[in-house]
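J.: I am attaching a structure below and will ask some questions about it afterwards.
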Amino acid sequence: MDGKSCRESMVWMVFFMPDLKKTKAKWQLATLALAFLASCPASVKASEPGIFIQRAQLDIKDNLQIVTADIEYRFPPVALRALDEGIPLTFRVKLRIDRLRSWGWPENLVQDERMIQLRYQPLAKSFQVSDLRSGAVLHYASLTSVLDTLSHLRGWSIPVLPPFDEDEQREATLSFDFDVESLPLPLRLVAYLSPDWTMDTPPYRWPIAH
């Protein structure tokens, strides 16, 4: 493993080891929300915004089952502008593993979730990334550095799965969702109504081998 990959792995491990306060005044947020609606046209974008999982797999290391994934982030302009104003963006990372059945609904074996928050601090001119569940906080000098690290999810350990039954099939699903409800109220209304805030991502599914 090279130095960069090792550093990225350590970052995610810190995040997955066992609420930042909002300080914006309501009138400032309302003004900003109106500015977003007035100045951001519903134009055709060069690339569709969203969070796209390029690859995901389940590895076994030191008797632990570890999720790894490579992700591409494409934030829409309005989200980047909100971030630049000091408004945090929160993302829900969800993992589930199911035992597939020839009839009926799949049986869920594992369901886990992380809440990752990205915030820009204008006074310090730095970015802060927080795991809201573990409380881990990391700081970066640029958004490029943030995305370069978060694009390589490493070190997410999950409970040990039960042994496979004969001819059993299992499927894992990983998804990233933008948490609109975490936005300040005036901007939340804008995000629900405006397609410019869309950051939906298709879930990534893959079979788990015996």
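Nothing in this text is a laboratory measurement; each read-out follows from the coordinates by a stated rule. Just so it is clear, the model here is predicted, and its values are computed rather than measured. Glycine also receives a Cβ, built like all others from the backbone with ideal geometry; neighbour counts cover every protein chain displayed.
J.: Hey, if you drop one equal point scatterer on each alpha-carbon of the stretch 63-210 and run the Debye formula without solvent, what base-10 log of I(q)/I(0) do you get at q = 0.16, 0.20 Å⁻¹?
T.: -0.94, -1.27
J.: Then there's this: With each label point set 7 Å from Cα along the Cα-Cβ vector, what nm distance links Glu85 and Asp70?
T.: Calculated label separation equals 3.6 nm.
J.: Find the all-direction average of the projected area of the Cα convex hull for the stretch 50-115, expressing the result in square nanometres with one decimal place.
T.: For the Cα atoms of the stretch 50-115, the hull's average projected area reads 6.9 nm².
J.: Follow-up question, since we're still on this one. Label the stretch 162-210 by shape, choosing from rounded, prolate and oblate, from the square roots a ≥ b ≥ c of the eigenvalues of the Cα gyration tensor; if a/c is under 1.5 it is rounded, and otherwise prolate applies when a/b is larger than b/c, oblate when it is not.
T.: It comes out prolate by the Cα gyration axes.
J.: Ratio to report: Rg/Rh of the stretch 144-186, with Cα atoms as the point set and Rh obtained by the Kirkwood method; give two decimals.
T.: 1.16
J.: Please state the charge dipole magnitude for the stretch 128-210, taken about the Cα centre, from unit charges on C-beta atoms (+1 on K and R, -1 on D and E), reported in debye and rounded to the nearest 20.
T.: Dipole magnitude for the stretch 128-210 comes out near 400 debye.
J.: Separate question: Give me the Debye-computed log₁₀ of I(q)/I(0) at q = 0.17, 0.19, 0.21 Å⁻¹ for the stretch 75-149, equal point scatterers on Cα only, no solvent, two decimals.
T.: -0.70, -0.80, -0.91
J.: Using 0.36 nm per residue of separation minus the Cα-Cα distance, give me the extension gain between Glu168 and Glu107 in nm, one decimal.
T.: Difference between extended and current length: 20.8 nm.
J.: Please give me the summed charge of the neighbours of Gln169: other residues whose Cβ is under 14 Å from its Cβ, Lys and Arg +1, Asp and Glu -1.
T.: Surrounding charge for Gln169 is -3.
J.: Among 172-181, 106-115, what's the highest-first ranking by average C-beta atoms within 10 angstrom per residue?
T.: 172-181, 106-115
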